[in-house]
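**Q** I am attaching a structure below and will ask some questions about it afterwards.
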Amino acid sequence: MKKVFSAIVALALVFCFGKANACTNFLITKGASTDGSCMISYAADSHVLYGELYHYPATDWPDGAMLDVYDWDSGVFHGQIPQVAHTYNVVGNMNECQLAIGETTYGGLESLWEGPGIIDYGSLIYITLQRAKNAREAIKCMGELVYNYGYVSEGESFSICDPEEVWILEMIGKGKANKGAVWVARRIPDGYVSGHANQARITTFPLATKKCKTSITFKNIDKLLKDPNIDCVYADDVISFAKEMKLYDGPDDKFSFSDVYAPVDFSAARFCDLRVWAMFNKVTDNMKDYWGYATGRDIKRVQPYTAGMCQTPDNFPSNRMPLWVMPNKKVSVLDMMDFMRDHLEGTELDMSQDVGAGPFHCPYRWRPMEYEVNGATYVHERTTATQQTGFSFVAQSRGNQSYGIIWFGVDDTDNCVYCPMYTCITEIPECFREGNGSMSEWSETAAFWTFNQMSNWAYTKYNYIHPEIRKVQHEMETKWVEKVVPALDMRINTIKGKEAQVKELTQFSCNAANDMTALWKRFYHELFMKYMDGNLNTAQPLKPGSKYTPIKSEHPKYSEEYYRILIESTGDKYKAY
């Protein structure tokens with residue numbers, strides 16, 4: 001899940017680790033949602049990440065117990081930290097208290113990577129989910145973990161929500177010689193939406209002064225838990241460290257976290273912030289004003305930017321997108337699912353509308369993302385929906401219900417089905433279970449391989465196959481959201497005792513996921529037979545006395561545009577005389 005600081009680093013990461021710009025997060029406050037839920041979405045985009053649903057059971061720990069810390073990306077053992085007395089049940093990226101955390105790696109200044117310590121960004125998420133009940137406790141926990149045990153990852157943005165609030169926290173290490181991290185966390189105002197996608201988004205922020213009653217520093221972190229008016233908290237040295245390292249030269253009130261620790265260049269805007277622009281553009285009207293910035297074509301600065309230079313406010317872009325916007329209408333969980341399926345449709349960069357889409361208008365491009373022709377560099381677009389997703393989710397923290405839901409899907413968000421997993425469950429469905437297959441081990445019962453089969457088949461004849469996928473996908477998700485889950489919520493409220501309720505929700509979640517995977521496998525078989533060998537095969541009515549169902553086989557043409565391009569590039573080689 002790596003966002004890189006420049007195009008060159010991007011290619012290096014792809015070649016070395018099989019990863020590219022990855023992970024997209026959208027954040028919806030309760031006042032901006034149709035049902036009063038707080039929601040965050042997340043796509044774990046990595047070419048080598050296997051899609052499965054993690055589970056950490058609630059546990060009471062004895063005095064002196066220790067927790068082994070393993071790097072989430074590599075699995076390398078980092079060390080141990082003391083365990084707490086009680087940890088909460090965690091399903092995926094959401095716990096039983098309806099706290100959810102997502103992430104997106106923005107990289108930032110490479111000189112600040114790989115600090116001393118043992119806490120990587122993945123461990124930071126899953127340890128915090130086991131220890132914190134709400135967003136404010138999570139921010140405190142995350143700050144304390146990196147302060148006490150060091151931070152060893154690149155620059156990272158975190159989405160954090162509970163049933164009442166949504167926050168964004170951005171963090172980066174302090175280099176190999178300095179333990180810990182510098183960071184800023186901001187609460188999204190109620191009624192607004194936000195997003196981040198592999199580029200740091202927090203710029204200036206309110207400083208903790210006698211005049212400002214809503215911002216505090218980490219040394220006053222306990223005030224965050226006591227005062228609901230606090231909407232900004234940051235590491236004490238987030239500005240002084242930048243000045244000490246000669247990364248920033250300017251007044252404190254002009255300091256911009258993103259522009260100092262992760263300066264924007266073409267790739268940061270085009271590959272990353274453009275995804276946020278696409279979501280904002282769906283919910284508000286004025287995003288055309290930021291098109292030049294989001295495409296990387298017009299990043300306005302008073303003075304030109306040079307990598308590695310000491311930043312001043314004159315080097316900061318003046319046309320960056322806002323951190324949050326107010327939507328024209330309230331956002332539903334189904335809207336959130338569709339936000340995750342964007343390919344820049346309706347814009348000039350819609351990849352289904354150019355020659356690269358092939359004869360069947362496929363809006364995907366295989367990696368690498370950059371290529372050269374005649375000495376000039378060109379790019380494939382990095383859209384929200386992408387082929388290399390391991391898993392994704394929409395976390396729904398529901399203040400009007402006792403139990404939260406993580407709508408979980410595997411593989412490409414455009415072709416997945418988001419299945420409701422209640423986060424109190426004590427068993428993970430077989431199709432999502434850890435160890436049921438891997439990137440090097442096939443499993444017939446794993447949702448990851450089932451959905452990958454379907455997606456890769458759809459890419460071959462996209463404008464024929466994907467509409468059929470979309471129809472079934474939409475029917476299943478709509479039925480769950482509008483009928484099944486509301487009815488289940490009502491029934492759960494009639495069941496006495498939490499243990500009995502959890503048992504019922506566990507059974508429902510397991511059945512829903514396993515049945516979905518079995519259905520998808522049958523659906524894949526049907527579409528494979530229908531579109532095999534480039535044909536369109538449809539069963540016909542059985543004739544009287546016939547032993548076999550007759551099949552009508554049609555042969556869909558390539559697009560007219562494709563025929564023209566073919567002839568323009570080959571001349572008369574294929575001309576009939």
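Readers should treat all values here as calculations from the given coordinates under stated rules, not as data from a laboratory. Worth saying up front: this structure is predicted, and the values here are computed from it rather than measured. Neighbour counts run over all protein chains shown; Cβ positions are idealised from the backbone, glycine included.
**Q** Can you divide the C-alpha Rg of the stretch 282-375 by 2.2 N^0.38 Å and report the result to two decimal places? Show your work: numbers first, answer last.
**A** Working: Rg = 17.6 Å, N = 94, 2.2 N^0.38 = 12.4 Å.
Compared with the compact-globule rule of thumb, the stretch 282-375 sits at 1.42.
**Q** Given the C-alpha centroids of the stretch 399-439 and the stretch 189-256, what is the distance between them in whole angstrom?
**A** Using only Cα atoms, the two centres lie 34 Å from each other.
**Q** For the pairs 461/530; 530/557; 140/498; 133/226; 521/557, flag any whose C-alpha to C-alpha distance is greater than 18 Å. Show your work: numbers first, answer last.
**A** Working: 461/530 11 Å; 530/557 16 Å; 140/498 29 Å; 133/226 14 Å; 521/557 28 Å.
Beyond 18 Å: 140/498; 521/557.
**Q** What's the longest uninterrupted piece of the chain once you rule out the trypsin sites (Lys or Arg not before Pro) that are loop residues per DSSP with at most 13 other Cβ within 10 Å?
**A** Numbers: sites that count: 176, 210, 211, 213, 246, 297, 300, 329, 496, 547, 557, 573, 575.
Excluding the exposed sites themselves, the longest stretch runs over 1-175.
**Q** Here is a further query. Could you tell me which chymotrypsin sites (Phe, Trp or Tyr not before Pro) in the stretch 506-566 are loop residues by DSSP with no more than 11 other beta carbons within 10 angstrom of their beta carbon? Could the numbers behind the result be given before it?
**A** On the way: sites: 508, 520, 523, 524, 528, 531, 548, 558, 562, 563; in loops: 548, 558.
Within the stretch 506-566, the qualifying chymotrypsin sites (Phe, Trp or Tyr not before Pro) (loop, at most 11 other Cβ atoms within 10 Å) are 548.
**Q** With N set to the residue count of the stretch 290-442, report its C-alpha Rg divided by 2.2 N^0.38 Å to two decimal places. Can you show the working numbers first?
**A** Details: Rg = 20.5 Å, N = 153, 2.2 N^0.38 = 14.9 Å.
Dividing the Cα Rg of the stretch 290-442 by 2.2 N^0.38 Å gives 1.38.
**Q** Here is a further query. List the chymotrypsin sites (Phe, Trp or Tyr not before Pro) within the stretch 286-382 that DSSP assigns to loop and that have no more than 10 neighbouring Cβ atoms inside 10 Å. Can you show the working numbers first?
**A** Working: sites: 290, 291, 293, 305, 324, 339, 360, 364, 366, 371, 378; in loops: 305, 364, 366.
Loop-located and lightly packed - 366.
**Q** Related question: Give the Rg (one decimal place) followed by the Dmax (whole number) of the chain, computed from C-alpha coordinates and expressed in Å.
**A** According to the Cα coordinates of the chain, Rg and Dmax are 24.7, 91 Å.
**Q** Right, here's the next one. Just to be sure I follow: if Rg is taken over the C-alpha atoms of the stretch 433-536 and Rh is the Kirkwood radius over the same atoms, what is Rg/Rh? It would help to have the intermediate numbers written out before the result.
**A** Values: Rg = 17.2 Å, Rh = 15.9 Å.
The Rg/Rh ratio comes out at 1.08.
**Q** Using a 10 Å cut-off around each Cβ, can you sort 109, 519, 542 from fewest to most neighbouring Cβ atoms? Spell out each step's value before the answer.
**A** Values: 109 21, 519 14, 542 11.
With the sparsest Cβ surroundings first, the list reads 542, 519, 109.
**Q** Taking residue 282 as the anchor, which lysines have their alpha carbon closer than 17 Å to its alpha carbon, excluding any fewer than eight residues away along the same chain?
**A** The qualifying lysines are 329, 330.
**Q** Could I ask something else about it? Per residue of the chain, what 222 nm ellipticity follows from adding -39500 (n - 2.57) for every DSSP H run with n ≥ 4, rounded to the nearest 500? It would help to have the intermediate numbers written out before the result.
**A** On the way: 14 runs with 158 residues, N = 577.
-8500 deg cm²/dmol, from helical runs alone.
**Q** Return the loop-located chymotrypsin sites (Phe, Trp or Tyr not before Pro) in the stretch 388-447 (DSSP other than H, G, I, E, B) with at most 12 other Cβ atoms within 10 Å of their own Cβ; answer none if there are none. Spell out each step's value before the answer.
**A** Working: sites: 391, 393, 403, 407, 408, 418, 422, 432, 442; in loops: 403, 418, 442.
Listed in order of number, the matching sites are 442.
**Q** Listing 410, 84 from the residue with the fewest other Cβ atoms within 10 Å to the one with the most, what is the order?
**A** Working: 410 30, 84 15.
Ordered by Cβ neighbours within 10 Å, fewest first: 84, 410.
**Q** Assuming a ≥ b ≥ c are the square roots of the Cα gyration tensor eigenvalues, decide whether the stretch 43-83 counts as rounded (a/c under 1.5), prolate (otherwise, with a/b larger than b/c) or oblate. Before the final figure, lay out the partial values.
**A** Details: a/c = 4.59, a/b = 1.79, b/c = 2.57.
Oblate shape, in that a/c is at least 1.5 and b/c is the bigger or equal ratio.
**Q** So, one more: Taking the alpha-carbon distance from residue 211 and a cut-off under 14 Å, which aspartates and glutamates remain once sequence neighbours fewer than 8 residues away in the same chain are dropped?
**A** Partners within reach: 253.
**Q** Could you pull out the longest piece of the chain with no exposed loop GluC sites (Glu not before Pro) in it, calling a site exposed if DSSP puts it outside H, G, I, E, B and it has at most 12 other Cβ atoms within 10 Å? It would help to have the intermediate numbers written out before the result.
**A** Working: sites that count: 348, 434, 444.
In short, 1-347.
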